[in-house]
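The values are calculated or read from the model by the stated rules, or taken from the named source; none is laboratory data. Just so we're clear, the structure is a prediction, and the values are computed from it rather than from any experiment. Don't worry about glycine lacking a Cβ; one is built from the backbone with ideal geometry, like all the others, and counts go over all protein chains shown.
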Amino acid sequence: MLILVACGATTTPPANFATATPQLAAEVIGGNMPATPMPVTLTAWQSPDGRIALQVPQGWAIETHTEAGRGLWIWNAPGQRGLLSLLLIGTANPLSSADLTDLVDATLQQLAATRTQAPVVAPDGAVVVDATGSGINREGVSVPLWIRVNIRQFDDSVAVVVLSVPAEERALYQAFVAPVEQSLQIAPLPTATPLPTATPAPRTFDRFDADEGRWFVGDDVRRAMTIQDGVYRMYLRMTDSYYLSAPAEEPRADQRIQVTARFAGTARIGTALRFQQRGDDTRDYVVCWISPLQRFGCFRSEADQWVALQEVTDSAVILPEGDNRMDFAVQGTTYTLTVNGEVLTQFEYDSETIGVPGLYVETFDVAAGGVFDDVETS
């Protein structure tokens, strides 16, 4: 059996799907198989972070692989008769029913499989289809495969479940196909901005020589926030996403943040002022950003609703490569953005709410981020 579970934000499978094709399954089907398959008993499994729950065959050998925040778990059947694998990738936006159906077809194409029925929608909203494929076992013999694809939308992830076994043994595994599929649960990641653990200070001056609890650090399928090698890295693994990181500071009205920042890919990176988190987990703040396309802009967020304060504008002052020194300040209702010693914009926003300064990253069609150093607030 091969079960592939993946989560992604696009309508085509990520490149990682190549790690779990029928060719991989076929390589472990055959060999020294026992004359009679061992009976299958299911047992509960949880991912290390507790977010994923799945029933898996008891006694199957497990392998674990992690890379760039993506987890891959593989269970190998005794006698190498089959394989179960679980691949998890975060998604920023739910897929439509049409997108789920497109993902079924794209998955079958990746698996070099031919469907034997039209996709159907299960009561839980999953899109399901059966298919056939083939591979070569270790003795060089072609093995016909039965393949089932089950794609289901979760809160912030899409689960693509692919089951593959030798076609002649389909009946031996049929009884636990539905229990495995129905047992899959994926808890949503927290939506609130995690706050740092340090006691709030009046101001911040950080060269990031060590993690002293002043900034959020964490690594999951959506993002990697790390303090290492004397810098603070904010990297978003999902497309069309954003993140704001605020230090442990005392809230106030007038404030300023200065930082040395450089691009890690094609993200927008920037600074925020008057950040505060509401009781309903929505956020208020004002952000100014720069991009490696030598553009900048500013907007405000009121309860996560964005309104432009400075339209996107070109500026040769911004360095696509290397360090950019950003300086963003507010006094009363006047905001001023300075980059590399030149004032790029000054605007009025008639609100004097209190909050704290922070750092900002936004992605579009690719994973990307920013690298920050020498943060100073006042």
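Restricting the search to the range 218-248, which residues are over 22 Å from ASP374 (Cα atoms) and either over 15 Å from the mean Cα position of the chain (by Cα) or of a type in the set (A, V, I, L, M) (or both)? VAL221, MET238 - these are the residues of the range 218-248 that are over 22 Å from ASP374 (Cα atoms) and either over 15 Å from the mean Cα position of the chain (by Cα) or of a type in the set (A, V, I, L, M) (or both).
Evaluated against (1) touching a residue at least 12 places away in the same chain (Cβ under 8 Å); (2) loosely packed, with under 15 Cβ neighbours inside 10 Å; (3) under 24 Å from ASP365 (Cβ atoms), THR239 falls short on exactly one condition, (2).
Counting only strands (runs of 3 or more DSSP E) wholly contained in the range 88-175, the ones carrying 1 or more residues that are touching a strand residue (DSSP E or B) at 6+ places or on another chain (Cβ under 7 Å) and within 21 Å of ASP365 (Cα to Cα) occupy 158-166.
Looking across ALA248, ALA187, one residue alone is modelled with pLDDT of 90 or more, of a type in the set (A, V, I, L, M) and either touching a Lys or Arg at 6+ places or on another chain (Cβ under 7 Å) or assigned by TED's automatic domain parsing to the domain that holds SER134 (or both). It is ALA248.
Looking for something part of a strand (DSSP E or B) and under 26 Å from THR239 (Cβ atoms) - is there at least one such residue anywhere in the range 252-261?
Yes, because at least one residue in the range 252-261 is part of a strand (DSSP E or B) and under 26 Å from THR239 (Cβ atoms).
Scanning the range 190-206 for residues that are modelled with pLDDT of 85 or more, in a loop (DSSP other than H, G, I, E, B), surrounded by 13 or more Cβ atoms within 10 Å (Cβ to Cβ) and not β-branched (Val, Ile, Thr) yields PRO200, ARG203. For the range 271-292, check the following and say yes or no: at least one residue is assigned to a loop (DSSP other than H, G, I, E, B), in the same structural domain as ASP365 (by TED's automatic domain parsing), in contact (Cβ under 8 Å) with a residue 40 or more places away in the chain and out of contact with any strand residue (DSSP E or B) (no Cβ under 6 Å at 6 or more places or on another chain). Scanning the range 271-292 turns up at least one residue that is assigned to a loop (DSSP other than H, G, I, E, B), in the same structural domain as ASP365 (by TED's automatic domain parsing), in contact (Cβ under 8 Å) with a residue 40 or more places away in the chain and out of contact with any strand residue (DSSP E or B) (no Cβ under 6 Å at 6 or more places or on another chain).
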